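K.L.:
Here it is, the structure in full.
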Amino acid sequence: MTELALHDPLLYDGPFPYDRFKQLRDEDPVSHHEHELYDGGYWVVSRHADVQQVSRNPEVWRNSPGPFVEIPPGSPPEPEMDLLINLDGHEHIQMRKIVNKGFTPRRVAALEDKLRARTDSIIDSLRGRDSADLVHDLALWLPLHVIADMVGVPESDRADVFGWTEKTFGFDPELSMEDRNQAMTDMFLYADGLSRERQANPQDDLLSLLLEGEVDGHRLTQFQISSFFMLLQNAGSETTRNLITTGTLALVQHPDQAAKLRADLSLLPTAIEELLRYVTPVMYFSRQAAADTEVGGQKIPEGDRVVLSYVSANRDERAFDQPDELDITRTPNDHVAFGAGGPHFCLGASLARIEARVMFESLLTKFEGLEPLGDPDQMPRVRSNLIDGFAELPITWDAIN
Ligand code: HEM
């Protein structure tokens, strides 16, 4: 049987193929792969040091036209959007400076009370039951609401916005391309309408900040603001939900680590860094060579794509002792789950960390006897070559305190 290509989402339908990446790290750390749509194919960078080197040299390695590896045939076309993640150089710096204003430590910390209240109400909604789907009944709600709170989406519009987000970015193989495109258009039009409304009546929210934001006399266009709205819905929700889901499973499967954490919740920030490393919800982003260059001793011609395998780098024996072990006290922990440094480092990292802290604290202290219902290795995963996580994960418990 021929092996599935590394960019084929079917490869990630079951438990993650860690062994295949270990073999690449050991035998072919910058490996070449064919791709139907790219003349030069693409290269997979699998070692931690090389992933860092590429990420930190944006003059040589550019993000435009986009850092994703397409899934032929019939993959959804990349929407024509001015996304932050697709920009390079000065253009990227200018836009990032504006959007950074929405993610200052003060603004992120100010969300914590709301976040706790939201987490409590999600867990309260499960009282009286003894089982649920960890993805749909629990993990996905907090990240969705947090982004909506930040951006300033009114409660009455959230069912619509969350529905469009799921359809657009949810990797549901059953959904037709038309439905997906329609949801994307609906969300874009909604973002456009909401920002026009904020233009007339500014509020203390991210949308109003983006509308007012100015760097070197440059303001974001209406189109850029609506595109950013879409990027946030995607980047903020698909990622964090998988950290919560797969991270919870990792703790349940390592009862000694969970017990240590429950006994000393001050370990949570260190534990969350380890869960980020161990779970790595975003498997990769890619770059294109702006000139002939090399990485890890391998020559790369101008225009070729390299895939930065964060998931492989995070299990690299050269960077971590016993990388396949979950050690919630691991320090230092130079994981690359939010990127490996450089200008595109995850904008929402501190927000994701607060969400994870509040959610894991609640799960650890409120649930008794939490465990998966059935074999997690048999549960459906999101069909994606970018995001690793479960599409469903049934759980059961003895009591909620
Ligand atoms: C566990 C949760 C998350 C993970 C694992 C994650 C991971 C990543 C990674 C790997 C990158 C690319 C880094 C690079 O290319 O160097 C990235 C970029 C980004 N993330 Fe996150 N992310 C998470 C949560 C969030 C949240 C909550 C938000 C927003 C609220 C967010 C917004 C963004 C944005 C806007 C970018 C693009 C930044 C740029 O291009 O300058 N992310 N994230």
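K.L.:
What's the magnitude of the charge dipole for the chain around its Cα centre, counting Lys and Arg as +1 and Asp and Glu as -1 at the beta-carbon? Answer in Debye, nearest 20.
P.N.:
My answer is approximately 1140 debye.
K.L.:
Label residue 155 and residue 215 with points 7 Å out from Cα along Cα→Cβ: what is the distance between them in nm?
P.N.:
3.5
K.L.:
Hey, what's the Cα Rg ratio for region 28-177 versus the globular rule of thumb, 2.2 N^0.38 Å?
P.N.:
1.36
K.L.:
Normalised by the residues of the chain, what does the relative contact order come to in percent, with Cα pairs under 8 Å and at least six apart?
P.N.:
Reported as a whole number, the value is 27 percent.
K.L.:
Still on this structure, I have one more. Can you tell me how much longer the chain between residue 100 and residue 375 gets when fully stretched, taken as 0.36 nm per residue apart minus their C-alpha distance, in nm with one decimal?
P.N.:
Going from the current span to full extension adds 94.8 nm.
K.L.:
Report the one residue of 171, 188, 161 whose Cα lies farthest in the direction of the positive end of the charge dipole of region 155-199 (charges on C-beta: Lys and Arg +1, Asp and Glu -1; origin at the Cα centre).
P.N.:
188
K.L.:
Excluding same-chain residues fewer than 8 positions from residue 114, which aspartates and glutamates have a Cα within less than 16 Å of its Cα?
P.N.:
Qualifying aspartates and glutamates at Cα under 16 Å: 124, 149, 155, 204, 205, 355, 361.
K.L.:
With unit charges on the beta carbon (Lys/Arg positive, Asp/Glu negative), name the residue among 344, 289, 308 whose Cα is farthest towards the positive pole of the charge dipole of region 238-348.
P.N.:
Of the options given, the answer is 344.
K.L.:
How long are the three semi-axes of the equivalent ellipsoid of region 209-258, in whole Å, if each is the root of 5 times an eigenvalue of the C-alpha gyration tensor, listed from largest down?
P.N.:
Square roots of five times the eigenvalues give 39, 11, 6 Å.
K.L.:
What are the principal axis extents of the Cα atoms in region 252-401, in Å, biggest first?
P.N.:
Ordered largest first, region 252-401 gives principal extents of 59, 33, 29 Å.
K.L.:
Counting only protein chains, not ligands or nucleic acids, how are 240, 396 ordered by accessible area (probe 1.4 Å), most first?
P.N.:
Numbers: 240 10, 396 35 Å².
Final ranking, largest accessible area leading: 396, 240.
K.L.:
What's log10 of I(q)/I(0) for region 98-172 at q = 0.15 Å⁻¹, Debye sum over Cα points only, no solvent?
P.N.:
-0.63
K.L.:
Ok, one more. When the Debye formula is applied to the Cα atoms of region 89-233, each taken as the same point scatterer, what base-10 log of I(q)/I(0) results at q = 0.13, 0.19, 0.21 Å⁻¹?
P.N.:
So the normalised log intensities work out to -0.67, -1.23, -1.36.
K.L.:
Ok, one more. Do me a favour and compute the ellipsoid semi-axes for the chain from its Cα gyration tensor, root of five times each eigenvalue, largest one first, whole Å.
P.N.:
Numbers: eigenvalues 182, 165, 84 Å².
With the √(5λ) rule applied to the chain, the semi-axes are 30, 29, 21 Å.
K.L.:
Under a 1.4 Å probe, what is the accessible area of region 201-339 per residue, stated in Å²?
P.N.:
Per residue, region 201-339 has an accessible area of 37 Å².
K.L.:
With all protein chains present, how much of the accessible area of the chain (probe radius 1.4 Å) comes from carbon and sulfur, to the nearest whole percent?
P.N.:
51
K.L.:
Evaluate 2.2 N^0.38 Å with N set to the residue count of region 96-140, then give the Cα radius of gyration divided by it.
P.N.:
Its radius of gyration relative to the 2.2 N^0.38 Å reference: 1.63.
K.L.:
While we're here: Given Cβ point charges of +1 (Lys, Arg) and -1 (Asp, Glu) and nothing else, what value in debye, to the nearest 20, does the dipole of region 257-377 about its Cα centre take? Mind showing how you got there, number by number?
P.N.:
Values: 12 positive and 20 negative charges, 77 e Å.
It comes to approximately 360 debye.
The values are calculated or read from the model by the stated rules, or taken from the named source; none is laboratory data. All values derive from a computational prediction rather than experimental measurement. Don't worry about glycine lacking a Cβ; one is built from the backbone with ideal geometry, like all the others, and counts go over all protein chains shown. Heavy atoms of the whole protein, side chains included, go into the accessibility calculation; ligands, DNA and RNA do not. Shrake-Rupley method; radii C 1.70, N 1.55, O 1.52, S 1.80 Å.
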